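Here is the structure we will look at.
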Amino acid sequence: MTVKELANNINAKILAGNNGVENEVTCGYCGDLLSWVMGRAKESSAWVTVMGNVNAVAVAVLADISCIVLAENSTLDEDAKIKADEHDIPILRTDIPQYELCVAIEKLLK
């Protein structure tokens with residue numbers, strides 16, 4: 001599944017990283033502790049978080065994450081948007097709570 005397909009299926013808005021919307025999503029990961037995510041998220045993950053800052057984008061780049069999905073209408077910092085656009089890391093936003101969002105992504109990927 002591509003990031004664009006994921007966004008459409010969860011009714012998420014693409015806030016940044018439009019050049020990466022064809023990235024493949026093979027799994028999901030949920031977490032807000034950046035060092036934990038960096039060491040455990042698998043390559044090509046859709047990362048569900050509430051962290052919309054530049055450090056989250058850096059983690060996504062280092063871990064080869066396909067996209068960041070901001071749950072619960074979390075905000076995206078302007079600096080993070082700029083970095084996401086520079087590195088083609090799509091950032092999506094939805095109002096779905098984290099747990100429900102993870103369940104929905106898992107169902108879509110099965």
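The values are calculated or read from the model by the stated rules, or taken from the named source; none is laboratory data. Note that the structure is predicted; figures quoted are calculated from it, not measured. Virtual Cβ from ideal backbone geometry, glycine too; neighbours counted across all protein chains shown. Please note that ligands, DNA and RNA were not included when accessible areas were found on the heavy atoms of the full protein model with its side chains. Shrake-Rupley method; radii C 1.70, N 1.55, O 1.52, S 1.80 Å.
Among the residues of segment 11-33, none qualifies, meaning not one is of a type in the set (Phe, Trp, Tyr) and either open to solvent by 90 Å² or more (accessible area, probe 1.4 Å) or touching a residue at least 60 places away in the same chain (Cβ under 8 Å) (or both). Restricting to segment 97-110, count the residues that are surrounded by 18 or more Cβ atoms within 10 Å (Cβ to Cβ) and assigned to a loop (DSSP other than H, G, I, E, B). So the answer is 0. Residues of segment 64-110 that are on the phi > 0 side of the Ramachandran plot and touching an Asp or Glu at 6+ places or on another chain (Cβ under 8 Å): ASP64, GLU72, ASN73. The residues of segment 67-96 that are surrounded by 19 or more Cβ atoms within 10 Å (Cβ to Cβ) and either touching a Phe, Trp or Tyr at 6+ places or on another chain (Cβ under 8 Å) or among the acidic types (Asp, Glu) (or both), listed by number, are CYS67, ILE68, VAL69.
Reported count of residues in segment 43-96, each being assigned to a helix (DSSP H, G or I), touching a residue at least 60 places away in the same chain (Cβ under 8 Å) and closer than 28 Å to LYS110 by Cβ, is 1.
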